[in-house]
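Shown next, in C-alpha cells, is the structure this report addresses.
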Amino acid sequence: MTTDVTKTSAAGALAALGNLKQGLQNVQSGIRVAGGEPILRMGRDGIWIYGADNVEVEGGSTWAINPMSLTHGFICWKVIPEGSKEKPELLGEETRSMFQPLPNKDSLPDYGHPWAEVLSVQLKCVSGEDEGEQVLYKTSSTGGLRAMKELITSITEAIDKHPETPVPVVALESDSYPHKQYGKTYFPVINIQSWVSMEGVEAEAPAADEAKAGQPDKRRIRG
C-alpha cells in the first residue's frame with residue numbers, strides 16, 4: 001500500500017513543485033510547522049530521540065523528509081550560565097514557511113538574549129519499528145544547521161536532476177570530533193539513502209501490519 005509523506009494531496013504537491021526550488025533557495029540563503037508532531041532531536045551522546053518520552057530512533061530505520069514542510073526563521077533562548085542547573089527557557093520564536101522571506105532579524109523583540117537562526121522540517125518513518133511515526137526536527141545548533149543546509153542543497157539539486165522524485169529517504173546518524181573544552185562532541189548526520197516521489201513510498205504489506213498489531217509496544221525509552 002502507499003503511505004502519504006505530505007500533508008497535501010498528490011495533485012496539490014505536484015502543482016506546488018514548481019515553487020519548491022525557489023522556496024528552498026529562500027531557506028538556504030538565510031522553521032514552525034503546524035500539527036503538534038513529537039520533536040526529533042539528537043542528544044549529547046549522539047543518539048537520536050523523539051517525543052516527551054525520549055524514544056530512541058531505531059538504528060537502521062529510514063525516514064522520508066517532506067520538503068514542502070521546510071521552514072526558516074529565528075529563535076531566542078535564555079542564555080544559561082555554565083554549570084547552572086537552570087532549565088533552558090524559550091523566550092521567542094519567529095519562523096516562516098520556505099515560501100515566505102526570512103523574518104527581519106532587526107525587527108524582532110529584544111529579550112536581552114541573542115536570536116539564532118533556526119530551521120525545521122517534518123519527517124515520517126518509512127521502515128523499522130517506528131514506521132508511520134511523524135516527527136518535527138527543529139534545530140538552531142551549528143551542527144544541526146550545517147546538516148540541514150546540506151540536505152537543502154541536495155534537495156535543490158535533485159529537483160534539477162530528477163524532479164519526479166524530490167523526497168529524500170534518510171538514515172539519522174551522528175559523528176563526532178574532539179573539542180578542546182567539552183571533549184568528544186557529537187553532531188547530526190542526515191544520510192540520504194534514496195529518493196521517492198511526493199505521492200509517497202511503499203510501506204509494509206497489510207499482512208505484516210496486522211502481525212505487528214498484536215505485538216506489545218517495545219518503545220526504546222531513554223532515561
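Descriptive notes on the structure:
- Rounded to the nearest 10 Å², the accessible area of residue 71 at probe 1.4 Å: 10 Å²
- By accessible area with a 1.4 Å probe, ligands and nucleic acids excluded, highest first: order of 192, 49: 192, 49
- Within the assembled protein chains, the solvent-accessible surface assigned to residue 154 is about 40 Å², based on a 1.4 Å probe.
- Legend: distances between Cα atoms for 149/184; 85/149; 105/149; 124/184; pairs beyond 27 Å are 85/149; 124/184.
- Global form of region 45-88, assessed from the alpha-carbon gyration tensor, a/c cut-off 1.5: oblate
- Formal net charge of residues neighbouring residue 108 (Cβ-Cβ distance under 11 Å; K, R +1; D, E -1): -3
- When 74, 187 are compared by accessible area at a 1.4 angstrom probe, the order from most to least is 187, 74.
- Residues whose amide H lies under 5 Å from that of residue 189, counting only those 5 or more places away or on a different chain, are 173, 174, 175; hydrogens are built 1.01 Å from N in the peptide plane.
- When you filter the trypsin sites (Lys or Arg not before Pro) in region 51-131 for DSSP loop state and at most 15 other Cβ atoms inside 10 Å of their Cβ, you are left with 78, 85.
- Taking the charge dipole of region 83-210 about its Cα centre, with +1 at Lys and Arg Cβ atoms and -1 at Asp and Glu Cβ atoms, the residue from 162, 134, 88 reaching farthest to the positive side is 88.
- In region 45-99, the GluC sites (Glu not before Pro) that fall in loop regions by DSSP, at most 10 other Cβ within 10 Å: 82, 86
The values are calculated or read from the model by the stated rules, or taken from the named source; none is laboratory data. Computed from a predicted model, the values in this text were never measured in an experiment. In this analysis, Cβ positions are derived from the backbone assuming ideal geometry, glycine residues included, and neighbour counts consider all displayed protein chains. The protein model used for the area step is the full one, side chains on, heavy atoms only, and it has no ligands, DNA or RNA in it. Shrake-Rupley method; radii C 1.70, N 1.55, O 1.52, S 1.80 Å.
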